[in-house]
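Please read the structure below before turning to the comments.
The values are calculated or read from the model by the stated rules, or taken from the named source; none is laboratory data. The structure presented is a predicted model; accordingly, all values stated were derived computationally and were not measured. FYI the Cβ positions are ideal-geometry reconstructions off the backbone, even for glycines, and counts take in every protein chain you see. These area figures cover heavy atoms from the full protein model, side chains too; ligands, DNA and RNA do not enter into them. Shrake-Rupley method; radii C 1.70, N 1.55, O 1.52, S 1.80 Å.
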2 protein chains.
Amino acid sequence: MLKHSPIDDSFRALAEPTRRALIERLTQGPASVSDLAKPFAMTLAAVVQHLQVLEAGGFIRSEKIGRVRTCRLEQGGFAPLANWIAARRMLMERRFDRLGVLLAEEEAAEQVSRSAAKPKKQRRRRAKE
Amino acid sequence: MLKHSPIDDSFRALAEPTRRALIERLTQGPASVSDLAKPFAMTLAAVVQHLQVLEAGGFIRSEKIGRVRTCRLEQGGFAPLANWIAARRMLMERRFDRLGVLLAEEEAAEQVSRSAAKPKKQRRRRAKE
């Protein structure tokens with residue numbers, strides 16, 4: 001079994017529509033927990049739990065001033081996931097590029113062998129005539 | 001409660017170190033299920049289950065020829081996640097840019113009011129002399 005790593009929590013945090021909607025709302029600016037909870041048909045406690053998951057995943061941070069807890073997006077919070085995905089896409093595309101080169105080489109070799117085969121056929125035909 | 005969407009499965013699929021390691025292996029090229037399972041200290045059934053999650057998430061596809069099931073990365077499999085993240089980052093950065101502009105404007109206004117205040121002080125000083 002491989003070890004659990006922080007990136008697991010980040011991916012898991014985004015695997016839930018309410019949490020993605022909370023991030024969506026926070027792209028417009030910081031908001032209090034009660035304002036964030038308003039559009040959702042769930043208890044405040046459930047929203048708080050979702051916010052805690054987002055905070056553990058490094059996407060938001062929250063600050064309590066007096067009785068109000070305000071949440072905001074963490075700058076650079078998406079970087080670990082975006083970087084992980086970008087690196088794998090690059091490896092994948094490099095492989096597809098290599099495959100493309102191999103196919104092109106194969107096709108070129110085939111054309112060469114076809115054009116090398118042609119005179120032979122002509123020679124044979126001439127020999128028959 | 002918001003509706004579950006396919007992107008939930010994609011994020012959840014990557015939230016597990018074994019599944020990310022399987023993707024890592026497949027960036028090098030297609031592989032049979034038994035070859036993919038070799039480096040992991042788990043049953044073949046457990047690896048098959050992880051591969052099914054990756055297939056449901058749109059990251060890989062598999063094909064059975066005879067008795068061998070071969071898996072390969074799905075081209076464009078990362079696109080939905082990468083696009084979702086990129087769009088939120090753009091919104092976020094746009095907001096930080098706007099904040100930057102506001103702060104710069106505020107600073108400029110402060111400098112204007114400071115330089116407007118200076119002559120006043122000089123006038124006062126002159127009046128005292």
Practice item. Note down the net charge around A:V101, summing +1 for each Lys or Arg and -1 for each Asp or Glu among other residues with Cβ under 13 Å from its Cβ. Key: -2
Review point. Once you sort the root eigenvalues of the Cα gyration tensor of the protein assembly as shown as a ≥ b ≥ c, which label holds: rounded (a/c under 1.5), prolate (a/b larger than b/c) or oblate (the other case)?
Key: oblate
**Study point:** Position B:S62, label points 7 Å along Cα→Cβ, spacing to each other copy in nm (shortest first, one decimal)
**Key:** 4.0
Review point. Between copies, how far does the label point of A:V112 sit from its twins, in nm, shortest first, when each point is 7 Å from Cα along Cα→Cβ?
Key: 7.2
Review point. What is segment A:16-58 by shape, rounded, prolate or oblate, if you read a ≥ b ≥ c off the alpha carbon gyration tensor as root eigenvalues and call it rounded for a/c under 1.5, prolate for a/b larger than b/c, and oblate otherwise?
Key: rounded
Check your understanding: What residue among B:G77, B:G29, B:G58 shows peak mean-square fluctuation when chain B is described by a Gaussian network model with Cα springs under 10 Å?
Key -> B:G29
Practice item. List the distances, in nm to one decimal, from the label point of A:A45 to the label points of the same position in every other copy, shortest first, placing each label point 7 Å from Cα along the Cα-to-Cβ direction. Key: 3.7
Review point. How many percent of all Cα-Cα pairs in segment A:11-105 sit more than 21 Å apart?
Key: 43
Check your understanding: In nm, to one decimal, how far is the A:D97 label point from the A:E110 one, both placed 7 Å along Cα→Cβ?
Key -> 2.4
Review point. Do you know which residues of segment B:70-93 lose at least 30 square angstrom of accessible area in the protein assembly compared with their chain on its own, with a 1.4 angstrom probe?
Key: B:L73, B:Q75, B:F78, B:A82, B:W84, B:I85, B:R88, B:R89, B:L91, B:M92
Practice item. Determine how large the accessible area of A:M90 is when every protein chain is in place; take a 1.4 Å probe and give Å² rounded to the nearest 10. Key: 100
Exercise for review: Pairs of lysines 8 or more apart, or on different chains, with alpha carbons under 22 Å: count those in the protein assembly as shown, would you?
Suggested key: 8
Review point. Where the accessible area of the protein assembly as shown is counted over protein heavy atoms with a 1.4 Å probe, how much of it, in %, is carbon and sulfur?
Key: 54
